[in-house]
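The structure appears right after this line, and notes come after that.
The values are calculated or read from the model by the stated rules, or taken from the named source; none is laboratory data. All values reported here derive from a predicted model rather than from experimental measurement. In this analysis, Cβ positions are derived from the backbone assuming ideal geometry, glycine residues included, and neighbour counts consider all displayed protein chains. The area values use the complete protein model at the heavy-atom level, side chains included, leaving out ligands, DNA and RNA. Shrake-Rupley method; radii C 1.70, N 1.55, O 1.52, S 1.80 Å.
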Amino acid sequence: MEKKVIYSAVQPSGNLTIGNYLGAIRNWVKMQSEYDCFYAVANMHAITVKQEPAELRRRTLELAALYIACGIDPEQCALYVQSHVPQHAELCWVLNTIAYVGEMSRMTQFKDKSQKHAENINMGLMDYPVLMAADILLYGAQCVPVGADQKQHVEIARDLAIRFNNRYGETFAVPEPLILKGGAKISSLQDPTKKMSKSDENPNASVFLADDRDTIIRKFKRAVTDSDNAIRASDDKPGITNLLNIYCAFRPCTLEEAEREFEGKGYGDFKLAVGETVADALAPIQEAQKKLLSDKTYLAEILKGGAEKAYKAARRTLSKVYRKIGFYQGE
Ligand code: TYM
């Protein structure tokens, strides 16, 4: 039987947080042996907000190294840089012609980013979900492992796949988001009602995968909680619930086990334990990433191989799409 196809990506648009790791990358690793996986560094999405060119180039390689350091096996998956496969932009153009301005302008992330980058509301920002749909549909992905904030975008990819199939005949697989419990929505340490984000202006709000041990522990010590002193997960305790989720994901253990472990203990002890657990889990990843980045030739080879694998699959889909829509492709 043919393996199911999985697609996902992260933007090299800032320092990755433990939210990116727990919501996405960690889950990708678990799927790679069972599925046909395509994992990209989404540099074309990243330029929808201003990037410093040298930094974008450096971050692209750092992110590829991080994927491998987190356990992605480049032999098993296609690990590549989005801009190395031109079909992403080509399919995006075709999908643009069936995507409506109204639906794109209603996307939550577009509205948020338009507010945040009011001086730079460019066409690419609005087109972001269509490019994302092109990413997913090019490979016939049935399943897209992402954090909860990306659900709406995967739904647009579904809508566009169905719309295209209705108009031109069966062409695309209709993808499903895969949002796993626990790490799907890691919140800011300074405002637990907000998601933890790469681009938060307050450096204490996010724990970065590159943070050193002392920084990680200090950020958790300063995490905003509540004036109660019970360590249990509940809707009226968003700060503690977030810390428990993070603790359970890294330890790993269940919420019940963690609540039992910290019964009768104070917030200080708990926060220290969370900080230490996260620092312990990140240390080997940081070490592996550093080692990989010391061999740029090896990384370049990996990315070249990944792009070749992706290109083959993408070319096949695009040619089918061009045939369906009536683009002349020679005799
Ligand atoms: P990006 O770089 O913003 O986020 C990458 C992944 O991290 C998840 N994530 C989180 N998960 C849990 N808690 C958080 N606080 C948190 N913050 C971020 C995101 O849900 C995402 O899974 N647009 C995509 C990149 C992309 C993509 C694709 C994804 C481009 N093309 C095709 C899937 C399929 C994004 O959110 O990147």
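As a summary of the residue check, residue 82 satisfies the conditions (1) surrounded by fewer than 21 Cβ atoms within 10 Å (Cβ to Cβ); (2) within 25 Å of residue 295 (Cβ to Cβ) except for the one numbered (1). Segment 202-262 holds helices (runs of 4 or more DSSP H) entirely within its bounds, and those carrying 2 or more residues that are touching a Ser or Thr at 6+ places or on another chain (Cβ under 6 Å) map to 238-250. For segment 238-261, which positions are open to solvent by less than 10 Å² (accessible area, probe 1.4 Å) and touching a Phe, Trp or Tyr at 6+ places or on another chain (Cβ under 9 Å)? Listed by number, the residues that qualify are 240, 243, 244, 246, 247, 258. Any residue at all in segment 269-289 that is part of a loop (DSSP other than H, G, I, E, B), at pLDDT 95 or above and buried (at least 16 other Cβ atoms within 10 Å of the Cβ)? No; the residues of segment 269-289 include none that is part of a loop (DSSP other than H, G, I, E, B), at pLDDT 95 or above and buried (at least 16 other Cβ atoms within 10 Å of the Cβ).
Conditions (1) of a type in the set (Gly, Ala, Ser); (2) open to solvent by less than 30 Å² (accessible area, probe 1.4 Å); (3) free of Cβ contacts under 8 Å to residues at least 60 places away in the same chain, marked per residue:
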| position | (1), (2), (3) |
| --- | --- |
| 4 | no, no, no |
| 7 | no, yes, no |
| 12 | no, yes, yes |
| 31 | no, yes, no |
| 34 | no, no, yes |
| 48 | no, yes, no |
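Looking at residue 152, is it open to solvent by 60 Å² or more (accessible area, probe 1.4 Å), under 24 Å from residue 29 (Cα atoms) and either out of contact with any helix residue (DSSP H, G or I) (no Cβ under 8 Å at 6 or more places or on another chain) or in contact (Cβ under 8 Å) with a residue 12 or more places away in the chain (or both)? Spelling it out, residue 152 is indeed open to solvent by 60 Å² or more (accessible area, probe 1.4 Å), under 24 Å from residue 29 (Cα atoms) and either out of contact with any helix residue (DSSP H, G or I) (no Cβ under 8 Å at 6 or more places or on another chain) or in contact (Cβ under 8 Å) with a residue 12 or more places away in the chain (or both). Taken over segment 162-196, the criterion of being buried (at least 21 other Cβ atoms within 10 Å of the Cβ), more than 9 Å from the ligand (Cβ to nearest atom) and over 23 Å from residue 224 (Cβ atoms) is satisfied by 164, 172.
Only one of 80, 39 is within 14 Å of the ligand (Cβ to nearest atom), touching a Cys at 6+ places or on another chain (Cβ under 7 Å) and of a type in the set (Phe, Trp, Tyr). Can you tell me which?
Numbers: 80 fails: touching a Cys at 6+ places or on another chain (Cβ under 7 Å).
The match here is 39.
Whenever a residue of segment 14-28 is near the ligand (Cβ under 6 Å from one of its atoms), its partners that are open to solvent by 20 Å² or more (accessible area, probe 1.4 Å) and of a type in the set (Val, Ile, Thr), lying with C-beta atoms within less than 9 angstrom and at least six residues away or across chains, give the pairs 23/179. Among the residues making up segment 57-78, those that are closer than 28 Å to residue 122 by Cβ and open to solvent by 30 Å² or more (accessible area, probe 1.4 Å) are 57, 58, 59, 61, 62. Take the conditions (1) over 27 Å from residue 41 (Cβ atoms); (2) part of a helix (DSSP H, G or I); (3) touching a Phe, Trp or Tyr at 6+ places or on another chain (Cβ under 8 Å); residue 306 misses just one of them, which is (1). The set of residues from segment 110-147 being within 11 Å of the ligand (Cβ to nearest atom) and modelled with pLDDT under 95 comprises just one member, 113.
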